[in-house]
Amino acid sequence: MGGVDTARGMSFQTACAILQLIRTPEEYPEAETFRVEGADEAIDFEVRDAQGRPLLLAQAKTRVEPGSWSGPELIRLARRWGSADPEGTAVLRFLSDAPVHSSGHALRNAVARARAMPDPDEWLAECKEGVPVSIRLSVNDHALLRRLEIDTRIGPWEQVLDQARLELLRLSSVAVAAEDIDSTVNALFVKMFQWSGDHLLARRTFRLAELPSLLRGRHSTPAADAVKLPGPGRALFREVPSAAGVRGRSKELTTLRERFSVEPDSGTPRVVVSGLGGIGKSSIARLYAHRHRDHYDFVWWIPSDTREDVVAAYRRMVAEERQDTEPATDVEIIAQVGLRLAHLGSRLLLVYDNVADREQLQGLLPTCEGAHVLVTTRDSAWAAADGGLVVERMTTEEATAWAAERLPHLSESELSALVNAVECIPLGIAQAVGYIAATQCPVGVYLAELADCRAKLLDDRGFVPLDYREGATLTAAVTLSVKRVLDQALHSSDNGGQHLPAALLARCALLAPDFIPLHLATLDLPTGSAVYRAVAELRRFSLVDPRDGFLAIHRIVQEIIRAMMDIEAVKAMQGRFQYELVKRLVDCQKQHSWAEAATLIEHAVHVAHRVTSSGHADANTVALLANVAGAISNIHGDLARSEGLLREALTIAEHASGEAIDDPVYRRAATMTTLAQCLINQSRFDEGAQAARIAWTLLEGMDALDADGVEHLLWAHVSDMRAAVATDRFADIARANARLEAVLQREDVTPSTALGIRLEQVQSLVWIQNWDDAAMAIDQARAAAPADAETSTELRFLDAIVKASTGRLEEALAVTAGIPEPAERAAVNIMRHHADHMVEAAHALMVGSLHRQKKGILTEAWILHAAGLLIDQAEALLVAHTEAGPDVLAQVPHRRAVLAWTRHLLGHPDGDLELSRALMRESLKLFEAAGQGHVPLAVTARQFLELRDQDLHDEPSETLPLEGPARFPLPSSGGSGTHPIAEYPWHNAVALARAVPIDARSIYSLLGATSYHLGGQAAPSPVFLVLAFSTALRSLGLECRLIPTALRVSRSDGRSVDLPDWRLPPVVTQRGEVRGHVTVWCEEAARLVDPALLIGQSRLAPDAAEREIFRSPVVFPAPDLNALLGVSPATHREGYLLAYEFRLDWEEHLREAIERLDKAAVASLAQVLAASATLATDTCP
């Protein structure tokens, strides 16, 4: 078979072919042959009729998640199929375990429009705005797309084989042996491989009559009133269950059709179908959807047990096939659903199944012209008030005819007595017929047992489930069947396998009622044919229904089973499910197996809610809710639902007893970490920061953390840092970074975790243009995970961006040159991120060029030409591989505009100011076309276009005072420098005070004043300067503490800059020189500052490059002094590492040095510094 040449790809294609082969006799009754590997290599399997006309052409493809399929890939495939089917008789079906990309989803919408719009020209005009130009549709594609079906995210191949086995059980006689089911599928799997490798077309083609007898029998004798599927023009189904086995109800179906054919006075046509539980409301809805499929363009089955279930279904539709999702309110989601439905045709059917009451759907119905709404509910008052359909019991004739299909040996009188005994309720009939067929019990005996059971149930008022006393007969019928299965288990040996049906039934009772994957229902049970024998046995009793490759069980049956189970057994099984679901969801998360995770989500939510409602919630419940919240976020993009589940988990963790949760503090902290990420992803940054702080505070307070705890702690600090970056809280960024660094240094972190955290750290530092710390974090990432770091494309791009932004342009280009492009089949989001990084690297080259210009260094033209090439390559990658929309491509002309502007500023001959403006206008139009005129790049583009022609990029503001106070002449204080300190303009001191948050303004204005007064003078000693600085701080009302410090400044090669005095204890030499280094901790500002770093300039000649290291003081924000004393903080400056070590053991040396200083001179300088700082602060608005 064609496709991905891997065992996984071949297995997936083979499993899909087997499943289709089994379904073919029912789906295509006129089919004659099934062929593996069609005449065209794009066809993996096909179905043809007796005349050789194709009825189905299909391809089944795998792709490593999160990879996806684009629109151009799919339209090319469809056109090849069209060439193989010139008469247009076949359905064209594409199957995959991966999603489609946004362009593929646009093509899917075009398919829906083609079905709804018979005129090709009108269809093409309608598609022009919604389909990317790269797909290039024509009127000739109209007929082709009307036949196309795109079915994605259908699960791994092992689960597809499970579905095939269940379909065999459903389609075969009830007496089929389970061993036959398993051996048939296994034999078909082997033969499919053999057939697919045969070069002769005839050997890959076989007649359906040659299938095993269980298929051939089904093929030749379809039920008289079985649903006949329409041809290629049939409506698209979304999650509509099979109607196989549903009989009768002609009167109700006619009524529904008549009600929908009458236009309402206003609003959307709606029919409310009500009735008792088990009366067949959902079955009627399923049968109506299948019988009238050719009257609709799109049919959507929406599970509606709760309001949250409806909203979750809406969010799944909106997020489906998208890899980038944005948060939205319920109102916005409903509006988006309405818009999406409008693209799917003008004839729609929306089925809301099992709605509790009218209020539940209030405000939830999307506005969509042409939609029919079908609601099933037990609220008969609602149906009566709405003029709906109240479903009654089946007529005796219909019920008798249905029962006769399973019990053909009974007389008409026996059948009549049987169906009347169960009150002609469909679920009761199914139970009675199944019981007699399975046990060969005489009708009279069964009726006696039924009456006896009913009488006992009426005496046991606590048993009848769902307060369903009017359905006591139905409850009795189900109870008899369940009791028989349980009795067989109790009286069988463990080796006989008779216990398996009961065990399987118990598991199905504790999961969500629909779409139960076999691998989950058989948890801890033997595998192989015994399982299928158990399914067949339960099907014989009509207790479970193999449907669409999954198991289904009626809610009433579930309630009765749970009522009959031992409470401790229920508790133990629910606990086992919790543990296993957590494990599988974690594995899916690590392996990006989203298709498998999607099948687990609703069952995980169901189990967690049942455990919680029973009062037995524990640590596993908290973990399950947290993990399923993550799966919902990743797969459906439903951040609102994720947040709700996380808050449920927090409530459990906060209120559960110590016996239920052995470590509630840790569980709360871990869940709060996930909640912080969820809130930040919804752009609720303040709430996210608060959640992150609670999380890391709790985790930091624990005595010890395991590997998972350390990882949660790191992510809590990362989330805190991300929130601070998003809200421009620079002090909080630095504090979060310091805490993150402390954890990374003191804890044992796995290399993969360390690399992931470092990448997040570097990205945040790049966002705030903290190049020195970003460079240091990159080095630390390489040291922590050298093997992974070497192959990390993201780390290499970030390294290039940091190097380029700091003027190391040639080094940056050398890094980017060594980064390979993603593979052809890489995930779309990988392609997009790669292109984004290329554009950002190009922008960094421009920033670095301007950085060089300020130093008087010319940037050669070839470097900016290389930046332009990076942008070109990024654009080509986006267009060729991701079918990017305007929101993605908008940044490309934006960066091109910046490139033209940079060339203009640098005086390059190809710098073009008008070109820059034109490109910026193009970028802004693309952002606005995508509805993203509010994003930062769009705002920047708008501001750029509003600038006047003159160059304002480097002029000092006219609002800043240019003249400062008179400089204070520094006395001799034991300084040992030989060169004066560089001048620092007064307007820079004022600008520094203006640029920082208000809570830090005093300390920064004092730093600016210190730089101003030191400018042009011989350097004082560090101890003298810091003592004057701290005295000035206290006069400004800020408490502080002097910290003896050892400071080492080293080059990239590890060699130290010649400052040996700064690594010694404070001391006054015999010559009067004061050596040593001192920093200051300011309690109110929560910062440690190093004003004495300015003195380093005095040790270096004015033209020395190293002087740049000492142009401004270092500031370390921290939550408290102890947080700094426990680590050795460091920072990068101009490619040099500044490593600090705080030496409290040198405090006695510091006191002795201070005693030798001129206290009056210290006081005088402190007074001047404080006055100047106040002046700078008062100048701020």
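If you take the residues of segment 1158-1181 that are out of contact with any helix residue (DSSP H, G or I) (no Cβ under 6 Å at 6 or more places or on another chain) and aliphatic (A, V, I, L, M), which of them is surrounded by the most Cβ atoms within 10 Å (Cβ to Cβ)?
Taking segment 1158-1181 first, the residues out of contact with any helix residue (DSSP H, G or I) (no Cβ under 6 Å at 6 or more places or on another chain) are 1158-1161, 1163-1164, 1167-1168, 1171, 1174-1175, 1178, 1181.
Add one more test, that the residue is aliphatic (A, V, I, L, M), and what stays is 1160-1161, 1163, 1168, 1171, 1175.
Details: Ala1160: 9, Ala1161: 16, Ala1163: 15, Val1168: 20, Ala1171: 15, Leu1175: 18.
Once the filter is applied, the top-ranked residue is Val1168.
Test Leu992 against the criterion of being in contact with a Ser or Thr (Cβ under 9 Å, 6 or more places away or on another chain), closer than 23 Å to Leu970 by Cβ and in a helix (DSSP H, G or I), and give yes or no.
Numbers: in contact with a Ser or Thr (Cβ under 9 Å, 6 or more places away or on another chain): yes; closer than 23 Å to Leu970 by Cβ: yes; in a helix (DSSP H, G or I): yes.
Spelling it out, Leu992 is indeed in contact with a Ser or Thr (Cβ under 9 Å, 6 or more places away or on another chain), closer than 23 Å to Leu970 by Cβ and in a helix (DSSP H, G or I).
Going through segment 867-879 one residue at a time, which ones are modelled with pLDDT of 70 or more and surrounded by fewer than 22 Cβ atoms within 10 Å (Cβ to Cβ)?
Once the filter is applied, which keeps residues that are modelled with pLDDT of 70 or more and surrounded by fewer than 22 Cβ atoms within 10 Å (Cβ to Cβ), segment 867-879 yields Gly868, Leu869, Asp872, Gln873, Glu875, Ala876, Leu877.
Taking Leu650 as the residue in question, decide whether it is part of a helix (DSSP H, G or I), buried (at least 22 other Cβ atoms within 10 Å of the Cβ) and of a type outside the set (D, E, K, R).
Answer is no for this residue.
Just to be sure, is Gly1072 on the phi > 0 side of the Ramachandran plot and either under 50 Å from the mean Cα position of the chain (by Cα) or surrounded by 22 or more Cβ atoms within 10 Å (Cβ to Cβ) (or both)? Steps first, answer last, please.
On the way: on the phi > 0 side of the Ramachandran plot: yes; either under 50 Å from the mean Cα position of the chain (by Cα) or surrounded by 22 or more Cβ atoms within 10 Å (Cβ to Cβ) (or both): no.
So Gly1072 fails the test.
Just to be sure I understand, how many residues within segment 401-420 are surrounded by fewer than 21 Cβ atoms within 10 Å (Cβ to Cβ) and either over 51 Å from the mean Cα position of the chain (by Cα) or of a type in the set (Lys, Arg) (or both)?
Qualifying residue count, segment 401-420: 11.
Checking the condition surrounded by fewer than 19 Cβ atoms within 10 Å (Cβ to Cβ), in contact (Cβ under 8 Å) with a residue 24 or more places away in the chain and not aliphatic (A, V, I, L, M), which residue from Asp1090, Asp1120, Asp1103 passes?
Numbers: Asp1090 fails: surrounded by fewer than 19 Cβ atoms within 10 Å (Cβ to Cβ); Asp1103 fails: in contact (Cβ under 8 Å) with a residue 24 or more places away in the chain.
Of Asp1090, Asp1120, Asp1103, the one residue that is surrounded by fewer than 19 Cβ atoms within 10 Å (Cβ to Cβ), in contact (Cβ under 8 Å) with a residue 24 or more places away in the chain and not aliphatic (A, V, I, L, M) is Asp1120.
For the list (1) surrounded by fewer than 20 Cβ atoms within 10 Å (Cβ to Cβ); (2) modelled with pLDDT under 90; (3) over 20 Å from Gln1097 (Cβ atoms), I need the number of the one condition that Arg1048 fails.
(3)
Restrict the check to segment 351-365 and report whether at least one residue is farther than 17 Å from Thr376 by Cα and either touching a Cys at 6+ places or on another chain (Cβ under 9 Å) or at pLDDT 85 or above (or both).
Step one: of segment 351-365, the residues farther than 17 Å from Thr376 by Cα are 363.
Checking the rest, the ones that are also either touching a Cys at 6+ places or on another chain (Cβ under 9 Å) or at pLDDT 85 or above (or both) come to 363.
Yes, because at least one residue in segment 351-365 is farther than 17 Å from Thr376 by Cα and either touching a Cys at 6+ places or on another chain (Cβ under 9 Å) or at pLDDT 85 or above (or both).
Of the residues in segment 981-1001, how many are surrounded by 24 or more Cβ atoms within 10 Å (Cβ to Cβ) and among the small types (Gly, Ala, Ser)?
Counting residues in segment 981-1001 that are surrounded by 24 or more Cβ atoms within 10 Å (Cβ to Cβ) and among the small types (Gly, Ala, Ser) gives 2.
Here are the criteria: (1) within 28 Å of the chain's Cα centre (by Cα); (2) at pLDDT 90 or above. Tell me which single one Glu824 does not satisfy.
If we test Glu824 against (1) within 28 Å of the chain's Cα centre (by Cα); (2) at pLDDT 90 or above, just (2) comes out false.
Which of the residues spanning segment 552-575 are part of a helix (DSSP H, G or I) and farther than 30 Å from Ser242 by Cβ?
Within segment 552-575, the subset part of a helix (DSSP H, G or I) is 555-564, 567-575.
Within segment 552-575, Ile567, Glu568, Ala569, Lys571, Ala572, Gly575 meet the criteria.
At least 3 residues that are modelled with pLDDT of 70 or more in each: list the helices (runs of 4 or more DSSP H) lying fully within segment 880-953 that qualify.
891-906, 913-929, 936-946
Determine if segment 718-726 includes at least one residue that is of a type in the set (S, T, N, Q), at pLDDT 90 or above and more than 22 Å from the chain's Cα centre (by Cα). Working first, answer last.
Going residue by residue through segment 718-726, those that are of a type in the set (S, T, N, Q) are 719.
Next, from what is left, pick out any that are at pLDDT 90 or above: 719.
Narrowing the set further to residues that are more than 22 Å from the chain's Cα centre (by Cα) leaves none.
Looking through segment 718-726, none of the residues is of a type in the set (S, T, N, Q), at pLDDT 90 or above and more than 22 Å from the chain's Cα centre (by Cα).
Do you know which residues across segment 405-433 are small (Gly, Ala, Ser) and touching a helix residue (DSSP H, G or I) at 6+ places or on another chain (Cβ under 6 Å)?
Initially, segment 405-433 is screened for residues small (Gly, Ala, Ser), giving 411, 413, 416-417, 421, 428, 430, 432.
Of everything in segment 405-433, those that are small (Gly, Ala, Ser) and touching a helix residue (DSSP H, G or I) at 6+ places or on another chain (Cβ under 6 Å) turn out to be Ser416, Ala421, Gly428, Ala432.
What pairs come up if the first residue lies in segment 1019-1032 and is among the aliphatic types (A, V, I, L, M) and crowded, with 24+ Cβ neighbours inside 10 Å, the second is at pLDDT below 90 and outside any helix (DSSP H, G or I), and their beta carbons are under 6 Å apart, counting only those six or more places apart or on different chains?
What qualifies is Ala1019/Gly975; Ala1019/Gly977; Val1023/Val1074.
Which one of Leu276, Leu215, Leu236, Leu229 is at pLDDT below 70, hydrophobic (A, V, I, L, M, F, W, C) and either surrounded by 15 or more Cβ atoms within 10 Å (Cβ to Cβ) or in the same structural domain as Val185 (by TED's automatic domain parsing) (or both)? Working first, answer last.
Working: Leu276 fails: at pLDDT below 70; Leu236 fails: at pLDDT below 70; Leu229 fails: either surrounded by 15 or more Cβ atoms within 10 Å (Cβ to Cβ) or in the same structural domain as Val185 (by TED's automatic domain parsing) (or both).
After ruling out the rest, the residue left standing is Leu215.
Does Ala742 count as under 24 Å from Leu698 (Cα atoms) and within 24 Å of the chain's Cα centre (by Cα)? Even if it seems obvious, please write down each step before you answer.
Details: under 24 Å from Leu698 (Cα atoms): yes; within 24 Å of the chain's Cα centre (by Cα): no.
No: the conditions fail for Ala742.
Considering only residues that are closer than 17 Å to Ala738 by Cβ and not hydrophobic (A, V, I, L, M, F, W, C), which ones fall in segment 764-790?
Ser764, Asn770, Asp772, Asp773, Gln780
Does segment 279-301 hold any residues that are surrounded by fewer than 23 Cβ atoms within 10 Å (Cβ to Cβ) and β-branched (Val, Ile, Thr), and which are they?
none
Which of (1) without any contact (Cβ under 8 Å) to a residue 40 or more places away in the chain; (2) part of a helix (DSSP H, G or I) does Ser764 not meet, given it meets every other one?
(1)
The values are calculated or read from the model by the stated rules, or taken from the named source; none is laboratory data. In this text the structure is predicted, and so the values were computed from the model without any measurement. Cβ sites come from the backbone with ideal geometry, for glycine too, and all protein chains shown count toward neighbours.
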